[in-house]
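Here is the structure we will look at, set down as structure tokens.
The numbers here are math on the coordinates, done by the rules we state, and not lab data. Quantities reported herein were computed from a predicted structural model and do not represent experimental measurements. Cβ placement follows ideal geometry from the backbone for every residue including glycine, while neighbour counts extend to all protein chains displayed.
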Amino acid sequence: MKKFGQIIKLRPEHYETYKKAHAEVWPGVLARIHASNIRNYSIYHHNGLMFAYFEYVGSDFDADMAAMAADPITQKWWEWMEPMQEPVPEAGEQDWWVNMEMMFDLGEEK
């Protein structure tokens, strides 16, 4: 399993819409996330900054992300979400959500 933390900005005028959308995520989007071997996916918000956390349990991350990107339902969801988000200044030209460096992980206690 590999853990991911990512950040992006939320445009303030879209806060309520984004929050409501994520309280009612389309079943097809959720199914695709699961089929792409993502588990424990959470998004947090604070003062215009969003932090996402998820665990990847598959064996070919690039192939699973390509399958997600090719999914028509997911594409429609992303098309709806994209105008509500704004990449952080550090994002490269190909980045949207930016991966963060893990600094600490307590892990599972034995």
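Work out the count of Lys pairs in the stretch 2-99 where the Cα-Cα distance is under 24 Å, with the pair 8 or more places apart or on different chains. Write down the numbers at each step before the final one.
Numbers: Lys3/Lys19; Lys9/Lys19; Lys9/Lys20; Lys9/Lys76; Lys19/Lys76; Lys20/Lys76.
Eligible lysine pairs with Cα atoms under 24 Å apart amount to 6.
For every other residue with a beta carbon closer than 15 angstrom to the beta carbon of Ser59, add +1 if it is Lys or Arg and -1 if Asp or Glu, then tell me the sum.
On the way: positive: Lys2, Arg39; negative: Glu55, Asp60, Asp62, Asp64.
Residues close to Ser59 contribute a combined charge of -2.
Would the stretch 2-99 count as rounded, prolate or oblate if I go by the C-alpha gyration tensor, calling it rounded below 1.5 in a/c and otherwise prolate when a/b exceeds b/c, oblate otherwise?
Values: a/c = 1.59, a/b = 1.30, b/c = 1.22.
Prolate shape, in that a/c is at least 1.5 and a/b is the bigger ratio.
Please identify which residues in the stretch 50-86 have an amide N closer than 12 Å to a label point set 7 Å out from the Cα of Glu13, following the Cα→Cβ vector.
84
Could you work out how far apart the two model spin labels at Leu49 and Val25 are, taking each label as a point 7 Å from the Cα in the direction of the beta carbon, and quote it in nm?
2.3 nm
Summing -39500 (n - 2.57) over the DSSP H runs of n ≥ 4 in the chain and dividing by its residue number, what mean residue ellipticity at 222 nm do you reach, to the nearest 500 deg cm²/dmol? Intermediate results must be reported in sequence, preceding the final value.
Working: 4 runs with 38 residues, N = 110.
After summing the helix terms and dividing by residue count, I get -10000 deg cm²/dmol.
Over the chain, calculate the relative contact order: mean separation of alpha carbon pairs under 8 Å at least 6 apart, over the residue count, as a percent. Write out the running numbers ahead of the final one.
Numbers: 133 pairs, mean separation 44.6, N = 110.
That works out to 41 percent.
Pop the C-beta distance of Val98 and Gln75 into the FRET formula with R0 = 22 Å and round what comes out to the nearest 0.05.
Details: r = 21 Å, r/R0 = 0.95.
Step by step, r from the Cβ atoms, then E = 0.60.
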